[in-house]
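First the structure, in the form of structure tokens, and then the observations on it.
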Amino acid sequence: MIAEVIDRTLRRFEDQNCRPAAVKRAGAFFKHTVEQGLRPGFIDAVQELRLRHILQYVQERSPFYRRLFKEYAIKAETIRTVADLAQIPFTTAADIRQWQDFLCVPEDRLSAVFTTSGTTGEPKRVYYTFREMQALSNLYGMTIRMVHSGRLVALIALPIGHGLWIGGASVQRAVERAGGLPLMVGADNPAETVTWLKRFSPDMIFSSPSYLTAVTREAQQIGYRKPVGKIALVGERLTAEHKAFFQEYWGAAVFDIYGSTEIGSAQTISLPGCQAFHINDLHLVTEIIDPATGQPAQEGELVFTTLRRDGMPFIRYRSGDRGSWAACPCWLPLRAVHIGGRTDDMIVAGDMNLYGRVIADAVGKVPKTTGRILVRVEKAGLVDQLTVQVEGQPDEILVRAALQKAYPELAVNMKNGNLQLVIEPISSLGQQIKDIRVRDLR
């Protein structure tokens with residue numbers, strides 16, 4: 001009964017076109033409620049109630065899950081708990097490329113589409129309805145107001161020049177919904193970004209660790225240093241060194257945020273004193289599995305089930321991101337995970353998603369290469385360094401040109417200081433069996 005009341009109350013807030021004043025009040029109310037003892041048991045009860053609803057929904061509306069349930073003789077009404085989800089096969093990135101199979105509503109009800117980069121061909125598309133965008137904006141805005149009150153001028157230094165990335169678009173909506181002024185300045189010129197900082201003196205910065213490093217170094221060079229209240233970082237792994245660097249230079253409380261096109265933006269958060277990411281258990285069921293066996297594990301691949309999506313819900317989606325269960329002593333009553341690295345060959349470095357297979361295909365066409373490549377990612381101070389070892393005797397200039405043709409944004413990121421690229425021709429890669437190997441040493 002209590003779970004149903006909480007669920008109805010949350011739905012009313014999530015689904016309305018909330019005015020900023022309502023979002024501000026909701027942020028203060030939710031924080032007060034949690035601090036007064038909102039128990040994880042209540043959240044678990046709401047989560048399982050929503051799980052049963054979404055399973056019934058996809059069984060009736062989703063062409064993909066309707067076929068899957070029929071093939072495996074699954075009935076939604078028999079899955080009552082999170083543990084019961086193991087009866088359902090995983091959904092993969094390859095499945096989602098046939099996006100039409102996942103649509104549960106007519107196309108005229110879709111109001112947003114975001115894409116996520118892939119290794120080859122068309123990017124994955126994920127569509128959202130107007131209601132879903134309202135809910136995400138309300139919740140993201142509420143989260144901002146849980147940690148920040150008063151004047152809110154937010155500088156958003158995130159990529160906007162290519163693709164339909166969910167990150168910047170979601171932040172802009174959330175800041176507006178929180179009653180703030182979003183400054184969507186992009187992430188392609190650190191000097192220009194510092195100029196915007198000087199013009200508006202923002203209270204909050206949204207960026208990626210690599211790009212904010214380049215911006216901070218630019219600010220150091222010209223002697224600009226004005227405190228910023230809060231910094232929220234997305235898109236890449238935030239190291240302890242990055243966090244300390246930003247805290248010391250900008251005098252800011254630093255937040256780390258994880259989300260994705262498939263599950264939604266900002267579905268986890270790590271507060272300044274947190275030791276892990278806290279998951280939005282009201283919108284997600286999270287599992288961690290052994291990537292090889294698919295069995296539950298303490299550390300492995302993160303798997304998500306979306307609970308409040310009506311456009312393209314996903315059940316047991318294999319994210320490709322690696323994580324482990326964690327404990328955090330902070331006040332948030334939500335499950336916590338450490339997140340780091342990928343289970344596939346994607347590299348998140350220097351404000352970019354790079355794929356080992358794309359690198360191998362590009363470099364393999366350069367004369368005097370054998371086709372075997374070792375990609376190594378490590379930190380050079382606070383900057384990501386990408387070292388590409390190429391077996392053979394290729395011309396380094398031609399290797400660089402091939403990589404920049406495959407990833408045109410590479411040149412901009414190197415110029416901005418987001419990324420260092422090292423090409424190392426090598427006579428032999430020894431007993432490396434595959435043509436491409438990726439090692440993330442950060």
Expected max-MSF residue from Leu284, Leu233, Leu382 in the GNM of the chain (alpha carbon, under 10 Å) is Leu382
Candidate aspartates and glutamates for bridging to Lys230, where Cα separation is under 16 Å - those fewer than 8 sequence places away on the same chain excluded: Asp203, Glu248, Asp256
I'd like the distance separating the alpha-carbon centroids of region 214-270 and region 377-442, in whole Å. 26
Expressed in nm to one decimal, what extension gain is obtained for the pair Leu398 and Thr115 from 0.36 nm per residue of sequence separation less their Cα-Cα distance? 98.8 nm
What ³J(HN,Hα) values, in whole Hz, does the Karplus curve 6.51 cos²θ - 1.76 cosθ + 1.60 give for region 140-156 when θ = phi - 60°, with x put for Gly and Pro? 5, x, 4, 4, 4, 6, 5, 10, 9, 10, x, 3, 9, 10, 10, 8, 10
List the aspartates and glutamates whose Cα sits under 18 Å from the Cα of Lys365, skipping any in the same chain fewer than 8 residues away. Glu391, Asp395, Glu396, Glu424, Asp435
Select from Gly430, Val383, Ala411 the residue farthest towards the positive end of the dipole of region 328-442; place +1 on Cβ of Lys and Arg, -1 on Cβ of Asp and Glu, and compute about the Cα centre. Gly430
Lys/Arg +1, Asp/Glu -1 at C-beta; the chain dipole; positive extreme among Ala73, Ile222, Cys104: Ile222
Cα-based Rg of region 161-314 per 2.2 N^0.38 Å, rounded to two decimals? 1.16
Cα-based equivalent ellipsoid, region 338-388: semi-axes from gyration tensor eigenvalues, Å: 23, 13, 9
When Phe114, Phe314, Phe42 are ranked with the fewest other C-beta atoms within 10 Å first, the list becomes Phe42, Phe114, Phe314
Calculated FRET value between Glu4 and Glu248, using beta carbons and R₀ = 51 Å, to 0.05: 0.60
Can you give the Rg to Rh ratio of region 59-140, both from alpha-carbon atoms, with Rh computed by the Kirkwood formula? 1.01
Could you work out which residue, out of Ile263, Ile166, Ile222, moves most in a Gaussian network model of the chain, that is, has the largest mean-square fluctuation with Cα springs under 10 Å? Ile222
Could you give the dipole magnitude of region 1-344 about its Cα centre, charging the beta-carbon of Lys and Arg +1 and that of Asp and Glu -1, in debye to the nearest 20? 920
Just want to confirm a number: the relative contact order over region 1-344, from Cα pairs under 8 angstrom separated by 6+ residues, in percent. 17
For n ≥ 4 DSSP H runs only, could you compute -39500 (n - 2.57) per run for the chain, divide by its residues and tell me the 222 nm figure to the nearest 500? -11000 deg cm²/dmol
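Quick one: order Cys330, Cys18 by neighbouring beta-carbon count within 10 Å, fewest to most. The partial results should precede the final answer.
On the way: Cys330 15, Cys18 22.
Ordered by Cβ neighbours within 10 Å, fewest first: Cys330, Cys18.
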Region 346-440: mean projected area of Cα convex hull, nm²: 5.5
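Tell me the trypsin sites (Lys or Arg not before Pro) within region 126-229 that lie in a loop according to DSSP and have at most 13 other beta-carbon atoms within 10 Å.
Numbers: sites: Arg131, Arg145, Arg151, Arg173, Arg177, Lys198, Arg199, Arg217, Arg225; in loops: Arg151, Arg225.
The qualifying sites are Arg151, Arg225.
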Tell me the label-point distance for the pair Gln298, Arg225, using the 7 Å Cα-to-Cβ offset, in nm and rounded to one decimal. 4.3
Quick P(r) readout (region 3-155; Cα-Cα; 5 Å bins; whole %) gives 2, 8, 12, 15, 16, 17, 14, 10, 5, 1, 0
What's the extension gain from Ala83 to Leu441 if we count 0.36 nm per residue and subtract their Cα-Cα distance? 125.4 nm
Inter-part gap, Cα centre of region 130-206 to Cα centre of region 59-105, in whole angstrom, is 34
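Each value in this text was obtained by applying a stated rule to the coordinates, not by laboratory testing. Because the structure is predicted, anything quoted here is derived from the model rather than measured. All Cβ positions, glycine included, derive from the backbone under ideal geometry; neighbour counts span all protein chains shown.
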